[in-house]
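Scroll down for the structure; my scribbles are underneath it.
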Amino acid sequence: MTTTPPDGPDDKTGEDSTGSTGDAGRRASFGVEPTTGETYNDLATRLAGPVNTAELALVAFLATIDPHARASTAQAVRRRGPAEAHRYTHAADIAVRMPDLFARMAADGRHSVEHLDALWRRINRHAAALARTGEALPGDIDAAVAAAVTGWEELWGAAGIDALADIADEVLTGQAPVSAAQTEQAEAQAVGLTRRGTRLILECGDPVVADGVWEQVGKAALDVRGELITEAQQQQEQHTGEADGGEDPELARARETVAAVTGTAAAGAGGVMPPPGMARCRGEAVLGILGGRRRQLSVTVNVYTPDPGTDPDPGSAPGPSGPDTSGPGPDSGPDAGPAGPIRPTPPAPPAAPAGSCGYVVGTGWVSPAMATVLTETAARVRVLPGVGAVADTAAYPFTTVQRAVVVGRDARCRFPGCRIPADACEFDHIVNSPHTDPDSDGVTGVSNCACLCATHHRLKTRKLWRVHTPDGGVTLHWAGPEGVAVSTVACGPLSPVRGSPA
Ligand SMILES: [Zn+2]
């Protein structure tokens, strides 16, 4: 299991596809497909619906032939290599195993091979681990997953690959908790550090730990970045001081001119040092940890489990409340000392009831065994009130409890198609707060809060996309440039809609 960095902002600003029509022509064609003159919005309306129908027609064909011939057939038809062909064979396998669901998706046309492949991978993840121990998944799992997905696939439409995967995991951890725990154990053993040439590859079998570590590496990298910038500034100041003291001002000016012309504006040349990139900073942070030069990592994991008093059925979605676990991982370095974050003496954690799975923000559903381990090792366990039971407050920032509830409700950035986990997001007042906008009256409360990643938060703040909610933040209706309109639904474990799949 490896983790990937969250999607960065898409900074492609250069427009170079419109040919030589001059500035006015460029501006005019910005929202228009240049060949036909049709607006992109009309194009999307006309084509986005059935855009995946042909893919699923091939899947339907593959489902009728010998399973051993599917991969070669898909590769021969698509000509895109074995990796893509295997996604088709997975999709065909799902089409055979869940025929009703497949028929509906194929008729809808918005669902793709990726959606079916995501379902297959989630189910097969457990099947593979169980096969190693000589066991098999319970036979009714396919039916349970198909039943759980029914209804949701219409609600979320084509944007919901992660949501689909979450639902599959929820059913699997709920209906086969022992199998899920065995899978987690088997995967957790796949930990290793290998060296390939000049590259070091860290394999982390446990996705919960992997996500936590990646996030912490990101934070450590920000520290490194700050240190590198400070160092560079000090060097620069030192050098400027020397230059002021000894160097001929004429020579110093000449040096600056050369640096400006050649673009080598580095420290020591009197120019501005460019800030080091995040990839380098992450590398420095990891190297520092491996070499023992930086403080050890502490890992924070937000886990949502049902309230011990409520959830009777391990297969159902958790009730609207649950403990929020902040678990320290390997946390014995100086960070854990007095200079570290304030940690009240943990009360005896209310252990999750036997048989209830947990939701880890950024990872998905985990088995009851894993949920219990995380809860028991946590430094802090918080029992959250229901989404509707959290009071609004007068101040501008959201309170800790408000934020914990909204993260559990949203699970991810609420912008259409964005996959950044909610606990790496910013907290947005859907209707602006009077603290920042005197003409607005948005309250500070769960019903007026949405998780948005930094990129999408900026788009909203700059009013490139506008949003309104009819139901206290559960549904967001987005209105974008050129009349694009898209809606998203909160899909976290605390979302009210999660309790009642159609
Ligand atoms: Zn986002």
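The values are calculated or read from the model by the stated rules, or taken from the named source; none is laboratory data. This is a predicted model, so every value here is computed, not measured. No Cβ is skipped: glycine too gets one built from the backbone with ideal geometry, and neighbour counts run over all protein chains shown. For accessibility, only protein heavy atoms count, side chains too; no ligands or nucleic acids. Shrake-Rupley method; radii C 1.70, N 1.55, O 1.52, S 1.80 Å.
Some observations on this one:
Per-residue answers, yes or no, for (1) of a type in the set (Ser, Thr, Tyr); (2) more than 16 Å from the ligand (Cβ to nearest atom):
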site	(1), (2)
Pro385	no, yes
Ala389	no, yes
Tyr396	yes, yes
Thr400	yes, yes
Val405	no, yes
Cys413	no, no
Pro416	no, no
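- Hits in the range 114-145 - residues which are within 28 Å of Ala54 (Cβ to Cβ) and buried (at least 20 other Cβ atoms within 10 Å of the Cβ): His115, Leu116, Asp117, Ala118, Leu119, Trp120, Arg122, Ile123, Val145
- Residues of the range 418-453 that are more than 11 Å from the ligand (Cβ to nearest atom) and not in a loop (DSSP other than H, G, I, E, B): Asp423, Phe427, His429, Thr444, Val446, Ser447, Asn448, Cys449.
- Hits in the range 367-396 (condition: part of a helix (DSSP H, G or I) and open to solvent by 70 Å² or more (accessible area, probe 1.4 Å)): Val373, Glu376, Thr377, Gly388, Ala389
- Evaluating His468 against the criteria (1) within 16 Å of the ligand (Cβ to nearest atom); (2) open to solvent by 70 Å² or more (accessible area, probe 1.4 Å) leaves one unmet condition, (1).
- Subset of the range 79-105 [open to solvent by 20 Å² or more (accessible area, probe 1.4 Å) and closer than 27 Å to Pro138 by Cβ]: His86, Arg87, Thr89, His90, Asp93, Val96, Arg97, Pro99, Asp100, Phe102, Ala103, Arg104
- Counting only residues that are open to solvent by 10 Å² or more (accessible area, probe 1.4 Å), modelled with pLDDT of 80 or more and in contact with a strand residue (DSSP E or B) (Cβ under 7 Å, 6 or more places away or on another chain), the range 163-195 holds 2 of them.
- Only one of the numbered conditions (1) polar (S, T, N, Q); (2) within 16 Å of the ligand (Cβ to nearest atom); (3) within 21 Å of Ile161 (Cβ to Cβ) is not met by Thr475, and that is (2).
- Across the range 473-498, the number of residues qualifying as in contact with a helix residue (DSSP H, G or I) (Cβ under 6 Å, 6 or more places away or on another chain) and more than 23 Å from Val303 (Cα to Cα) comes to 3.
- Boolean, His456 is within 12 Å of the ligand (Cβ to nearest atom) and either open to solvent by 20 Å² or more (accessible area, probe 1.4 Å) or at pLDDT 90 or above (or both): yes
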